[in-house]
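Okay, so here's the structure we're looking at.
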Amino acid sequence: MAINQTTTNQTTTTDHHPALAHHFDSMEQQQGASTFGMWVFLLTEIMMFGGLFTAYLVYRIKYYDAFVAGSTSISVSWGFTNTLVLIASSFTMAMSVWAAQQGRRKTQVRLLIATMILGVIFLGVKAKEYYDKFDECHIPGHVIGKGFNSWGGCDVNNPKLGNIAEEIQEKAKQAGATVPEVSAVQTAKQTEIFFSFYFAMTGLHAFHMIIGVGLLAWLTVRANRGEFGPAYYTPIELGGLYWHFVDIVWIYLFPLLYLISRHKHVA
Amino acid sequence: MSTATTIAKPVMPAKHYLNDNYGIRSWLLTKDHKRIAILYLVSITFFFFLGGLFAALIRLELLTPQGDLFQSDTYNKLFSMHGINMVFFFLVPSIPATIGNFVLPLMVGAKDLAFPKINLLSWYIYMAGAFFSLATMVSGGVDTGWTFYTPLSSGYLRTHVALMAVGIIMAGFSSIFTGLNFIVTVHRMRAPGLTWGRLPLFVWSNYATSLIMVLATPVLAITLTLLALERVFHIGVFDPKYGGDPVLFQHMFWFYSHPAVYIMILPGMGVISELITCFSRKRVFGYSFVAFSSIAIAVFGFLVWAHHMFVAGISQYSAMIFSLLSMAVAIPSAVKVFNWTATMYKGSITLMTPMLYALGFIGLFTIGGLTGIMLAALGLDVHVHDTYFVIAHFHYVMVGGMVTAYMGGLHFWWPKITGRMYPEAPAKLAALITFIGFNLTFFPQFILGYLGMPRRYHSYPEEFQVLNVLSSAGASVLAIGFILPLIYFLWSLRYGEIAGDNPWGATGLEWQTTSPPPTHNFHEVPVVTEEPYAYGEETVISGH
Amino acid sequence: MQFKLPLFPEQASTVAGQVDAFYLFLVLVTTFFSLLIALLILFFIIRYRRRPGQEAEQIHGSTLLEIVWTVIPLGISMVIFVWGAVLYYHIENPPKNALEIYGVGKQWMWKFQHPGGQREINTLHVPSGRPVKVTLISQDVIHDFFVPAFRVKTDVLPNRYVYSWFTPTAPGSYHLFCSQYCGTKHSAMIGEVVVLKPDDYAAWLASGKAEGSLSSMGENLFQGVGRVTCHRADSGARGPNLLGLYGRPVRLSDNRVVIADDNYIRESILNPNAKIVAGFQPIMPTFQGVVSEEGLIQITEYLKHLSAQESEPLNNRSTPTELRDNEVPTIQQELQQRNQPAPTPGKQP
């Protein structure tokens, strides 16, 4: 290919923004490339969660009753609280990006801190939910010395605690039907697979949240130093994209795990 | 930078990326894509020879029908580690992480990839994965086969499966970051005047490869994670004892691993496009068709995974759909082969070593690809699935295709990377030895497979011995064919002839800068005004 | 070392010749195109080698050629697909009158059971000249049942029956390989299929020690685990009548209709909750761990026997396919009044 020998090397002649990396020609190119890169990364994350969701859906169809029982035994109120918390945190995040674009340093920092606090609240609620599951022994695979039993509950000393077979029979009675114990116990045993997916999915999500909170902390430090303004707010924008993505994953997780078929009639 | 005449003797540039900075830190903390490419080159060469060592041991065992050289468990570990090392630690990164990393930014006229630090990070992640793999090997290795089928791998084997899975997941993330980098670079960092329609086909191929890397590899990550969790916590995802479905594992595994084979072959095809055009002094025949066929292969490649599962227990109707789609995915590859051949028509051909490898590729890939069609045909697959026929098929495309292209590319861009030429006569000899050794090793395996010798057998009925002996004999020749380049490439670093900017007289932006290039790639930013492979104006090759 | 250099395995089944013919066609196509490309390349590198004064002609391309060499391979591959699919359909679908044999694969051996109760380990005797259907399951990991001489193969899965069928033609002894990697002694999981002429096969059957036919063993097992108390032929039975069940459609409580095949029966014994027959309660306990794979095979064979005996289902309320919709509420009420849930190991850990 023929080349023109014109010198178009811009970086040596004029002052450039201190955040411009040497291999980029302009801030626009850097910003465009960085944002595009983040979108591609989020695409890979979608594929990863997607694989997990697909496996979950396959088993949901295979063990329908067990998964309904499992969904019923986790707390919708806490899940809904978490949903609200995350949506609020996405709002504060978006606002902090706006504040950065406006060059409002203090506002950016406050909003970033608010987002972090909401993120930590989310993780706290999740920890509480996990603790409840631990208490009721709805933890698959005989972890930590507590066994997941055939009636989906805990040890012999307190058989009512977290007893899924009983829950199934209760729910059926309320709907005006009977579920024989044999059947309920069998279904309860199968909910172990549901809980495996519950922990895998929410665990992977929580792992991403923790990383997100860490990223936000770093961004807060940089924002406080006044690094972001109308000319350069790319890192906050990328952080925002990541945070929104983690939020959207939860928006899928919540109905898939907590909400589906809670009101299924037991025939 | 001279552009003509045989008169001027080439000299090394005073300052280039290799001597710009000295010291271990300048290499281990480099952000220069060219140095990172060298780091990768050293690492994957190590894994290539390690995997090759396991292959040698396998072929040694298979000289006799009895399993007398190794114990069964040891043999099972040998073929598993051969497959895992070759696939995940050599083939998947090979061309993209070495040649791609080095040459792609040069080809698009950029100073570096879009995210140099992420590039370095990807090498470190690869090394972390490699560390886990080596740790697993040292503590006994795994004997799951590279395919890790459950419930064998999730509940019946006592080797360090979870540890190995972690290593593979890390290598996977390394490739995701490489792919991400390439995609953004190609979209955002092309030089002025370099439209998509003027991109070298090597860039198109690596772009398509990157799309697959980015979309398919995460599914492998989650599949292996679930497998590891299943092993440790006995959950019931894939193990029927606990209510799981082993066929689901196969679906999830092959959803990545089939596109993975296109990750492996597409960059090789890109290299071939560059070699055929340069050594025929011709623009490629049907540029748009070759470019879009790469994208077509990437897209179709996602739709055919269950052709690895025809006898695994899937429904007959699924099998038919996947067989049909698998026929479709072969067509773009056929189009490429025809276009390359047509490129040579009325060309002006020289048979330098890279061209020898390119021609070898076309022949061997054609055979490999067509035997793939044979496997996609349901009625035949029932008989030859999981036999040596499959092994022969994929070695034809992987070694006869991919590794051949890799060798061709290494020879072609060696002067650009090091500033020196490799010695041509030993190189041609090595190419010939490799070709002969390869065919002698793997052609008998087609016959063995049809006869019914299953895969992963370390003892076999006596009537299979003659073909096995032929195959092992070929393997020893093939080994020589691969060891020779190691020797003369290293030799050339010190004693090779100085290459000059463009020893081949090739088109392409990478040849418009010095050999080796300066750290920031170009002294002046190039502007592109011509079509790719504009060999219309003759450029005399200096000194060759 | 044997100096045999065979190229094809023996043809020992009706389908082997068809597979070989297909293979030959494919080899021809592959050889043709490979040779075509190789010869073209060879020709070009000689004819168009670099010569001083001669320049390459910069040909852009030809859309017509691209279409031609896209359409022709597409056409050929469609032929290959159709031929392969038809052959596959034939390989996968056994005729109705096949002799049924059962096989269980486990690390690292094959166990076969003939309907007359004869058992074999690693060897399978079959008669020539009639279709044989082998129903297979694994006790542990995935294995594979592969007989090269017959050109048949199927992965053998745990928890699910699969089958393979063939009509042997030539008496002789042929390799049986496990071709799905299954652990340490995978290469040693080799058996042989011995094809006998029908008279010889009958003689062989008679000579073996059998504990009774498979189906009578199944009947004993069925009664032994007390299932007769539930699955009775009268209207008050807790479980569906199994007479005439095998192979027939069954309506389930969620209105789906499934066929009562081998897998249905196996699932109903091990995981009864998965499919409840319409009009019945989910009260059947699971027999996981109580009945072995061989036992399950025996029970299945017994049920097949029941179907074969009675060509028509009894006109009986508890026959699943015969329930009339308006009778269902009455039956449900009766059952509720009579049924106490069976005592179960629920409360103890």
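Here, each number is a calculation from the coordinates, and none is a lab measurement. Keep in mind it's a predicted model, so treat the numbers as computed, not measured. Methodologically, a virtual Cβ is constructed for each residue, glycine included, from the backbone with ideal geometry; neighbour enumeration extends over all protein chains shown.
Values computed for the structure shown
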{"read-out": "Calculated FRET efficiency for the pair B:Tyr22/A:Leu84, C-beta based, R₀ 51 Å, to 0.05", "value": "0.35"}
{"read-out": "Residue mean of other protein chain beta carbons inside 10 Å, B:523-531", "value": "5"}
{"read-out": "B:Asp73, B:Asp143, A:Asp135 arranged by Cβ crowding within 10 Å, fewest neighbours leading", "value": "A:Asp135, B:Asp73, B:Asp143"}
{"read-out": "Size of charge dipole - the protein assembly as shown - debye, nearest 20, with Cβ of Lys, Arg +1 and Asp, Glu -1, no other charges", "value": "1640"}
{"read-out": "Stretchable slack from C:Phe25 to C:Ile259, in nm (0.36 nm times residue separation minus alpha-carbon distance)", "value": "80.4 nm"}
{"read-out": "Candidate lysines - alpha carbon under 18 Å from B:Lys282, same-chain residues fewer than 8 apart omitted", "value": "B:Lys336, B:Lys346"}
{"read-out": "DSSP beta bridges in the protein assembly as shown [antiparallel fraction, %, rounded to 5]", "value": "70"}
{"read-out": "Charge sum, other residues only, whose C-beta stays under 11 Å from B:Tyr242's C-beta, Lys/Arg counted +1 and Asp/Glu -1", "value": "-2"}
{"read-out": "Cα-based helix-to-principal-axis angle, B:287-301 vs chain B, degrees rounded to 10", "value": "20"}
{"read-out": "Normalised alpha carbon radius of gyration of region C:99-207 [divisor 2.2 N^0.38 Å]", "value": "0.99"}
{"read-out": "Per-residue mean of C-beta atoms belonging to partner chains within 10 Å, peptide B:463-475", "value": "2"}
{"read-out": "Sequence ranges C:147-160, C:117-130, B:328-341, A:36-49, ranked by mean other-Cβ count within 10 angstrom, highest first", "value": "C:147-160, B:328-341, A:36-49, C:117-130"}
{"read-out": "Neighbour-count order for B:Trp504, A:Trp218, fewest beta carbons within 10 angstrom listed first", "value": "A:Trp218, B:Trp504"}
{"read-out": "Projected label distance in nm at C:Val68 and A:Arg104, using a 7 Å step from Cα toward the beta-carbon", "value": "7.0"}
{"read-out": "Segments A:227-238, B:17-28 sorted - mean Cβ within 10 Å per residue, highest first", "value": "A:227-238, B:17-28"}
{"read-out": "B:Thr519 long-range amide H proximity, modeled H, under 5 Å", "value": "B:Tyr17"}
{"read-out": "At R0 = 45 Å, FRET efficiency that the Cβ-Cβ distance of A:Asn158 and A:Trp39 yields, to 0.05", "value": "0.35"}
{"read-out": "Most mobile listed residue (A:Ser77, A:Ser89, A:Ser150) in chain A, GNM with C-alpha springs under 10 Å", "value": "A:Ser77"}
{"read-out": "Cα gyration tensor, region C:159-222 - rounded (a/c under 1.5), prolate or oblate", "value": "oblate"}
{"read-out": "Simple spin-label estimate for B:Tyr156 and B:Trp196 in nanometres, 7 Å along Cα-Cβ", "value": "4.9"}
{"read-out": "Per-residue ³J(HN,Hα) for region B:49-66, Karplus 6.51 cos²θ - 1.76 cosθ + 1.60, θ = phi - 60°, Hz, x for Gly and Pro", "value": "6, 5, x, x, 4, 4, 4, 4, 5, 4, 5, 5, 4, 7, 5, 10, x, 7"}
{"read-out": "Residues C:Val257, B:Val87 arranged by fewest to most Cβ contacts within 10 Å", "value": "C:Val257, B:Val87"}
{"read-out": "Whether region C:1-99 is rounded, prolate or oblate, judged on the alpha carbon gyration tensor where a/c under 1.5 counts as rounded", "value": "oblate"}
{"read-out": "Cleavage-rule hits, trypsin sites (Lys or Arg not before Pro), region B:98-198, DSSP coil, Cβ neighbours within 10 Å at most 14", "value": "B:Arg158"}
{"read-out": "Helix A:234-254 axis, angle to chain A major axis (alpha carbon atoms, nearest 10°)", "value": "10"}
{"read-out": "For q = 0.12, 0.13, 0.21 Å⁻¹, Debye-computed log10 I/I(0) when each Cα of region A:17-84 counts as one equal scatterer", "value": "-0.61, -0.65, -0.97"}
{"read-out": "Highest-MSF residue in chain A out of A:His208, A:His17, A:His138 [GNM, Cα springs under 10 Å]", "value": "A:His17"}
{"read-out": "Bins of 10 Å from zero: percent of alpha-carbon pairs in chain B", "value": "4, 18, 30, 28, 14, 6, 1, 0"}
{"read-out": "Inter-chain Cβ neighbour average for residues B:230-238, partner chain, 10 Å", "value": "5"}
{"read-out": "Estimated FRET transfer efficiency (C:Ala38, C:Leu252; beta-carbon r; R0 56 Å; 0.05)", "value": "0.40"}
{"read-out": "Cut-off 16 Å, label 7 Å out along Cα→Cβ of B:Asp68, residues of region B:424-462 by amide N", "value": "B:458-462"}
{"read-out": "Descending semi-axes in Å of the protein assembly as shown, equivalent ellipsoid built from Cα gyration tensor", "value": "56, 42, 23"}
{"read-out": "Amide proton proximity set for B:Asp245, modelled H, under 5 Å, gap of 5+", "value": "B:Phe238, B:Asp239"}
{"read-out": "Over 28 Å between alpha carbons, listed pairs A:Lys62/C:Lys106; A:Lys128/A:Lys171; A:Lys189/C:Lys185; B:Lys241/C:Lys153; A:Lys62/C:Lys185; C:Lys185/C:Lys275", "value": "A:Lys189/C:Lys185; A:Lys62/C:Lys185; C:Lys185/C:Lys275"}
{"read-out": "Built amide H within the under 5 Å cut-off of C:Leu99, gap 5+", "value": "C:Val132, C:Lys133"}
{"read-out": "Furthest towards positive pole of dipole, B:Leu78, B:Ser122, B:Phe233, structure part region B:28-512, Cβ charges", "value": "B:Ser122"}
{"read-out": "Check: region B:366-473 dipole with +1 on Lys, Arg Cβ and -1 on Asp, Glu Cβ, in debye", "value": "480"}
{"read-out": "Point-to-point label distance, C:Ala188-B:Leu121, nm (Cα→Cβ direction, 7 Å offset)", "value": "5.0"}
